[in-house]
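Chemist: Quick one: the structure is below, questions incoming.
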Amino acid sequence: MFKVVCSLFLAVIILTGAAHGKYTAKEVEEIRNRRPGLISKGVQRRLMRAQEMIIREDRKGAIKVLESMTQKGYRPFEMGQVWQSLAYAYAQSDQFAKARKAFKASIDTKALPYKPTLQSIFSLAQLQLMAEDYKGADKTLSEWFQLSNEEKPDAYVFKATIAYQKGDKQTALTSILKGLKLSKKPKENWLTFAVSLLYENNRYKEASELLFKLVEMNTGKKMYWTQLAGTLLNSDRDLEALAVMDLALMMNLLDKEGEIRNIVSLYLSNGLPYEASKLLEKGLKKKFVTENKKNLEILGNALIQAKEYDKALPPLKKAATLSEDGKMFALLARLYLEKEEFNTAVKNFDLALQKGIKKEKKGQVYVEKAIALSSLNKIKEAKESINKALSFKESKELAMKWQDYLNRL
C-alpha cells in the first residue's frame, strides 16, 4: 500500500510545521530567513545544461554532468543546488539510494534557502519511506514539520502513511483525520485510507460520513455503496443502509447474488417481506441469484410473511423437491391447511414424513396431519395420527388436547 500512497507525493510540496525536532529555535529562524547565495556564471551554465538534458530525457548525460560538478570546490550555495539537482536526476532514473544520499548532501550544505531546504527534506522522507526505512522517514518528516510554518493536509496524510507502516495505527488515524479536516477537496485515496483505519477502530459512524463523500465523488464505484451500507448496518442504521442499497440497485450497480441477498435480508429484518420477495424474484429471473433450495425457501417464506400464500406455493414446491429432508413439504402442507385444501395438505404431510423430519418436529407434523384428516371427517385416520404424536414428548401435551377433541366427535 505504501508504494501507492508514495506516488502521490512525487511532486515537491511545501508542507506544515510542528513544535519539536532536531533544530534549535535559532536554527529554525536562520533557515526560514536564509536567502540564495552567489552563483557563478560557469556553475549556472552547467546546471542549465544538465536541466536541458533532463528535459530531453537524457538523464544519464545530466547525471554525468552533475556528478562531475560535485568534485569541484564550489561555494556552499552552489554545491547545495548541484546536489539537489543531482538528487532529482537520480530519483527520475530510479536510482533511489543515490538520490537519498544526494538529498542529504544538499541539506548538509546548510546553504539552500528555506523552500529548497524543505523540498530536499521532504523528498528525502519520501525516498526513505519507499525504501521501507520507516524510522528514518518519520525522523526526517519530523524535522520538516519543525521547519515548516504553515499547515497543509498533504503533510498529515504522509505522516499517517509512515505511522501506518510502522504499525502505529492510532497515530495514522489521528494524522489522516487531521489532513482531511484541513483539506477542502480531499483525494479519493485519502478518504479510503481513513475509512479503513476507522473500520479497524470500530468507528463506523465516522466511516459512514466519509463513505458518503466517496459515493458522491465516485457514484459508479460499487464498493463504496456496499461499504457505506455495511457501516450504516454496524451503526444500527438499518433503514439508511437499505436506502443506500436501494439506490445502488436502481443504478444497476448490484448484480451479485450476495449483494441481492443482503438487500433481501435488510427488507425482511425491517418488516418489508413483499419488497424482499419482488427483489428475489427479479434476481432469480435475471439469474443474478441461483435457483437453489435456500433461495427458493427464502422467497417462499418472504411471500408467506407478505400473506401472498398462493404465490408462495411454486417456489416452495421447487424447494421441497430439492431438499434432502421433509421440512419444506411440511411447510407446504401447512399452507394448504391454511387454504383449507385438506386432501393436498395430508399428501404433503405424508411426503414430509417419508422424506424425514427432525424428531423434535415430527410429533407436530402428526398433530397437524390429524387436524387435516379430521377436517375431511376421517376420524379414524386422525386418531391414528394423534396416537403417533403422543409418543413424542415435544408434542404430547398438544396431542392429548386433540385426542380429547376427537374422542368427543
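Chemist: Give the value in nm², to one decimal: projected area of the alpha carbon convex hull of the stretch 204-253, averaged over all directions.
Modeler: Mean projected area for the stretch 204-253: 2.7 nm², to one decimal.
Chemist: When the C-alpha atoms of the stretch 208-339 are aligned to their principal axes, what extent does each axis show, in angstrom, from largest down?
Modeler: Result, largest extent first: 53, 26, 22 Å.
Chemist: Counting Lys and Arg as +1 and Asp and Glu as -1, each charge on the Cβ, what is the dipole of the stretch 255-322 about the Cα centre in debye, to the nearest 20?
Modeler: 180 debye
Chemist: I would also like to ask the following. Return the single residue from V215, V367, V157 with maximal mean-square fluctuation; model: Gaussian network over the chain, springs between Cα atoms under 10 Å.
Modeler: Looking only at V215, V367, V157, the largest GNM fluctuation is found for V367.
Chemist: State the extension gain, in nm to one decimal, for the chain segment bounded by E340 and Q44, taking 0.36 nm per residue of separation less the distance between their alpha-carbons.
Modeler: On the way: separation 296, 0.36 × 296 = 106.56 nm, distance 10.06 nm.
Here the segment from E340 to Q44 would lengthen by 96.5 nm.
Chemist: From the helices alone, meaning DSSP H stretches of at least four residues, give me the mean residue ellipticity at 222 nm for the chain, per-run term -39500 (n - 2.57), in deg cm²/dmol to the nearest 500.
Modeler: Numbers: 23 runs with 301 residues, N = 409.
Value at 222 nm, helices only, nearest 500: -23500 deg cm²/dmol.
Chemist: Per the Kirkwood treatment, what hydrodynamic radius in Å, one decimal, follows for the stretch 137-192 from the mean inverse distance over all distinct Cα pairs?
Modeler: About 11.3 Å, per the Kirkwood formula over Cα pairs.
Chemist: Given R₀ = 41 Å, what would the calculated FRET efficiency be for K361 paired with E308, taking r from the Cβ atoms and rounding to 0.05?
Modeler: Result of the calculation: an efficiency of 0.95.
Chemist: If I build a Gaussian network model for the chain, linking alpha-carbon pairs within less than 10 angstrom, which residue out of T226, T24, T117 has the largest mean-square fluctuation?
Modeler: Answer for the Gaussian network model of the chain: T24.
Chemist: Can you tell me the relative contact order of the chain? Whole percent, Cα pairs under 8 Å, sequence separation 6 or more. Could you put the intermediate results ahead of the total?
Modeler: Details: 546 pairs, mean separation 36.0, N = 409.
Relative contact order, the chain: 9 percent.
Chemist: May I have the pair-distance distribution P(r) for the stretch 255-322, computed from all Cα-Cα distances with 10 Å bins from 0 and rounded to whole percent?
Modeler: For the stretch 255-322, the binned pair fractions read 25, 57, 17, 0 percent.
Chemist: Using mean Cβ contacts within 10 Å as the protection proxy, how do 397-404, 69-76 order, highest first? Show your work: numbers first, answer last.
Modeler: Details: 397-404: 15.5, 69-76: 13.1.
Ranking the peptides 397-404, 69-76 by packing returns 397-404, 69-76.
Chemist: OK, next. At what distance in nm do the modelled label points of T219 and S375 sit from each other, each positioned 7 Å from its Cα along Cα→Cβ?
Modeler: The modelled label-to-label distance comes out at 5.2 nm.
Chemist: Please report Rg (one decimal) and Dmax (integer) in Å for the Cα set of the chain.
Modeler: For the chain, the Cα-based Rg and Dmax read 36.6, 122 Å.
Chemist: GluC sites (Glu not before Pro), restricted to the stretch 294-369: which are DSSP loop and have at most 13 other Cβ atoms within 10 Å? Don't skip to the end; give the middle numbers.
Modeler: Numbers: sites: E297, E308, E324, E338, E340, E341, E360, E368; in loops: E308, E324, E340, E341.
In loop regions of the stretch 294-369 (DSSP not H, G, I, E or B), the sparsely surrounded GluC sites (Glu not before Pro) are E324, E340.
Chemist: Given a cut-off of under 8 Å on Cα pairs at least six residues apart, what relative contact order in percent is computed for the stretch 47-107? Walk me through the numbers before you get to the answer.
Modeler: Working: 59 pairs, mean separation 18.1, N = 61.
The normalised contact order for the stretch 47-107 reaches 30 percent.
Chemist: Order 143-150, 313-320 from most to least packed using the mean count of other Cβ atoms within 10 Å.
Modeler: Ranked from most to least packed, the peptides come out as 313-320, 143-150.
Chemist: Oh, and also: Where does the Debye-calculated log10 I(q)/I(0) of the stretch 325-409 sit at q = 0.20, 0.21 Å⁻¹, using only Cα point scatterers of equal weight, no solvent?
Modeler: These q points yield log10 I(q)/I(0) values of -0.81, -0.89.
Chemist: Of L124, L247, L228, which has the largest mean-square fluctuation in a 10 Å C-alpha GNM of the chain?
Modeler: Sorting by GNM fluctuation, first place goes to L247.
Chemist: Let me have the relative contact order for the stretch 325-409, percent, based on Cα pairs under 8 Å that are six or more residues apart. Kindly include the intermediate steps, with their values, before the conclusion.
Modeler: Working: 118 pairs, mean separation 21.2, N = 85.
Computed over the stretch 325-409, the figure is 25 percent.
All of the numbers you see were taken from the coordinates with simple rules; none came from a lab. A quick note: this is a predicted structure, and the numbers were derived from the prediction, not measured. Every residue, glycine among them, receives a Cβ derived from its backbone with ideal geometry; neighbour counts consider all protein chains shown.
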